[in-house]
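See structure below.
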Amino acid sequence: MMKHFLTCLLLCLALTAQGAQKSDTFTTPGGKTVTIHHIKHASVHIEYEGRHIYVDPVGKMPPETDFSILPKANILLITHEHFDHYDPLVVPQVCMEATAVYTNKTVNGKVHRGLVMNNGDSIRYADDIMIWAVPAYNTTEGREQYHPKGRDNGYILALDGLRIYIAGDTEDIPEMADLKNIDIAFLPCNQPYTMTIDQLVKAAKTISPKVLFPYHYSETPINQALIKLAGTGIQVKIRDYK
């Protein structure tokens, strides 16, 4: 019993230390640096070669974030229109005139700028930056209304060959089997709106990223994903994405 207690204590301490970490740095195949700044919930800030990419920046949702003091976006990606992903007050705070804004159709009708990306669309922002919009939706009976198929986006970013998948609000959909060579994945985990722990584990094994950041997990006991994915070769990093 004492051994079990010590194991649990060490795991809790490790998870606390991980959650406190605010950024992670990666190296692209071409030797360039990508830094991922962990903001909260579904809000992610990616820094690459002096350029800044924001995904679903939200201000008032606790803990409150003042985006006006952060670097302006070169690229803004919004997955869908729910309040914890699209904040109309933050868009003008992070955008400058030259910011490239990519959203689904519904959000585009609200921000009145940028480009609509539908599932399956792709765009080359620069020689070393490619963006794909991929499906994100619910499949479980009784949940389909939260994120209906075809409305919302997940995104894949390729930064100098480093492939980052940001899933948006989705369950473990069949289309995930088509995602290849993912280096870093952000997968949501808060039922009934996105995935259960077991769905997240299944999705991770399907995609097989080198690094997994569970995000959008609210009060889900996300440490269970860390335990269930042990030995898979996937490096699970728990950050503060409640």
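List of remarks:
- DSSP beta bridges in the chain [antiparallel fraction, %, rounded to 5]: 65 percent
- Coupling constants for the stretch 180-185 follow from the phi torsions by the Karplus curve (6.51 cos²θ - 1.76 cosθ + 1.60, θ = phi - 60°), and in residue order they are 10, 6, 7, 7, 9, 10 Hz; glycine and proline get x.
- For the chain, a Gaussian network of Cα nodes joined below 10 Å ranks PRO192, PRO62, PRO135 by mean-square fluctuation, and the top entry is PRO62.
- For TYR215, nonlocal amide neighbours, meaning residues 5 or more places apart or on other chains whose placed amide H falls under 5 Å from its own, are LEU187, CYS189.
- Coupling constants for the stretch 223-232 follow from the phi torsions by the Karplus curve (6.51 cos²θ - 1.76 cosθ + 1.60, θ = phi - 60°), and in residue order they are 4, 5, 5, 4, 5, 6, 9, 4, x, 8 Hz; glycine and proline get x.
- ³J(HN,Hα), Karplus 6.51/-1.76/1.60, whole Hz, each residue of the stretch 116-125, x for Gly, Pro: 6, 10, 9, 3, x, 6, 9, 8, 9, 6
- For LYS210, the aspartates and glutamates whose Cα falls under 12 Å of its own Cα, not counting residues fewer than eight places away in the same chain, are ASP183.
- Degrees, to the nearest 10: 2-20 long Cα axis against longest axis of the chain: 10 degrees
- Overall form of the stretch 13-163: rounded. Here a/c, set by the Cα gyration tensor axes a ≥ b ≥ c, is under 1.5.
- Which listed pairs, of LYS32/LYS205; LYS149/LYS180; LYS105/LYS228; LYS72/LYS242; LYS32/LYS180; LYS105/LYS237, have C-alpha distances above 26 Å, in listed order: LYS32/LYS205; LYS105/LYS228; LYS105/LYS237
A short reminder: the numbers here are calculations on the coordinates, not readings from a lab. Here the structure is a predicted model, which is why all the values come from computation and not from measurement.
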